Amino acid sequence: MPADPGRWLVATARNRAIDRIRRERTLAAKSKLLEVSEAVEDEIEEPVFGDERLELIFTCCHPALAMDAQVALTLRALGGLRTDEIARAFLVPEPTMAQRLVRAKRKIKAAAIPFRIPPPHLLPDRLAAVLAVVYLIFNEGYDGRADLAEQAIRLGGSLAELMPDEPEVYGLLALMLLHDSRRAARVRNGELVLFKDQDRALWDWPQVQGGRAALERGLIPSGASWSAASRSSTSRRSRRPGALVAVAAAPPRLDEQIVGAGDDAQVLTGAADRQQPLNLL
Amino acid sequence: MQYLIQIYSNDSMSRYEGLSEEEKEAVMGEYFAISGAPGVTGGAQLQPPTTATTVRVEDGRTLTTDGPFLETKEALGGYYLYEADDLDAAIELAARIPAARLGGAIEVRPLVER
């Protein structure tokens with residue numbers, strides 16, 4: 001027993017704390033070394049063939065991966081963005097992003113996350129996960145990073161091309177195209193301009209048309225124009241509410257807005273309340 | 001690919017205790033059914049963490065302490081070893097385990113392949 005237990009305790013506690021700080025410093029230093037080597041490893045990329053894009057996106061957006069990793073992997077593998085570009089887009093240091101990507105890739109390999117289009121009983125959930133990632137990328141680009149919004153629209157277009165029988169894919173594509181078509185009109189002299197006050201000459205009309213076409217495509221009743229082959233694979237399943245429902249909830253009003261008749265920005269709030277954060281700007 | 005399917009229970013045990021005898025039997029039946037499922041190569045239910053002994057060796061001396069290595073609220077209550085093609089299959093098996101819906105959680109870990 002030390003002569004002065006109180007003082008002894010304080011001294012011991014202080015020494016322990018110093019030890020811990022030292023250990024943490026060492027750990028941080030070692031981690032940095034680790035990060036560099038992982039970043040190097042990240043440079044090794046296997047080539048991806050065009051016809052495997054769908055398998056790839058389902059792997060990148062597997063729910064066993066963290067959301068931020070899903071987004072980063074998707075941008076990297078399908079968007080063709082470099083690690084430093086993704087890092088900049090999400091305001092994290094490049095080594096952090098590199099590490100995130102490497103960890104995700106390691107998990108895909110070590111845990112055997114399958115490289116495939118999910119079987120029908122898993123498809124609804126997995127497709128929703130993919131669409132959520134694409135929508136997240138779009139939203140990240142919504143109020144500034146136009147390149148990310150473009151990426152998301154491009155991904156949505158690829159998905160529509162690869163899964164022509166999935167209404168939700170068209171719903172998301174329509175949502176993104178319609179919102180993005182107003183990008184130029186949304187800000188005037190650094191101030192946000194509400195939908196009803198926007199200068200419609202600034203809208204991207206070809207894109208509005210593209211959005212309407214996608215919306216119509218998504219609204220085709222189940223099975224109406226689909227091939228028998230595709231019907232048996234992916235399309236026969238319960239519809240779940242999603243982006244499409246939000247857009248499609250007010251089609252007449254949406255039409256009015258698009259053709260310029262109905263000016264009230266409030267008309268979309270019903271849909272927004274129900275499901276998706278529809279942007280009214 | 002081999003997976004260790006770890007069953008973490010705590011809340012789920014108390015919820016299990018609250019079930020009727022019939023319900024308990026049904027739940028146990030589910031566990032046995034999973035034990036016999038194709039690809040399940042092993043498994044066991046563990047005695048509670050209070051029965052654990054933690055062992056370390058320092059300078060050649062074996063040191064034992066009473067209790068688990070990690071004092072956590074959620075304790076490992078049992079496990080299965082599962083041979084499957086991929087993680088999706090392992091997740092599907094994990095989702096069938098009663099503890100998963102009775103307030104517990106299942107941790108799926110791939111084994112290192114040699």
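The table for this structure:
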read-out	value
Filtered residue count, region A:86-136, keeping only those that are within 12 Å of chain B (Cβ to nearest Cβ), among the basic types (Lys, Arg) and not in a loop (DSSP other than H, G, I, E, B)	4
A:Val102 modelled with pLDDT of 90 or more, under 14 Å from A:Val71 (Cα atoms), over 18 Å from the mean Cα position of the chain (by Cα) and among the β-branched types (Val, Ile, Thr)	yes
Single condition B:Arg15 does not satisfy, out of (1) within 26 Å of A:His62 (Cα to Cα); (2) surrounded by 13 or more Cβ atoms within 10 Å (Cβ to Cβ)	(1)
Residue check for B:Tyr16: in contact (Cβ under 8 Å) with a residue 60 or more places away in the chain and assigned to a helix (DSSP H, G or I)	yes
Considering residues of region B:64-82 that are among the aliphatic types (A, V, I, L, M) and modelled with pLDDT under 95 only, the residue nearest to B:Ala95 (Cα to Cα)	B:Leu76
Where a residue in region A:95-113 is crowded, with 20+ Cβ neighbours inside 10 Å and its partner, wherever it lies, is of a type in the set (Asp, Glu) and modelled with pLDDT of 95 or more, with Cβ under 7 Å and at least six apart	A:Ala112/B:Asp86; A:Ile113/B:Asp86
Residue in region B:103-110 that is exposed (fewer than 15 other Cβ atoms within 10 Å of the Cβ), within 14 Å of another protein chain (Cβ to nearest Cβ) and touching a strand residue (DSSP E or B) at 6+ places or on another chain (Cβ under 8 Å) present	yes
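The values are calculated or read from the model by the stated rules, or taken from the named source; none is laboratory data. Please read these numbers as outputs of a predicted model, since none were measured by experiment. Cβ sites come from the backbone with ideal geometry, for glycine too, and all protein chains shown count toward neighbours.
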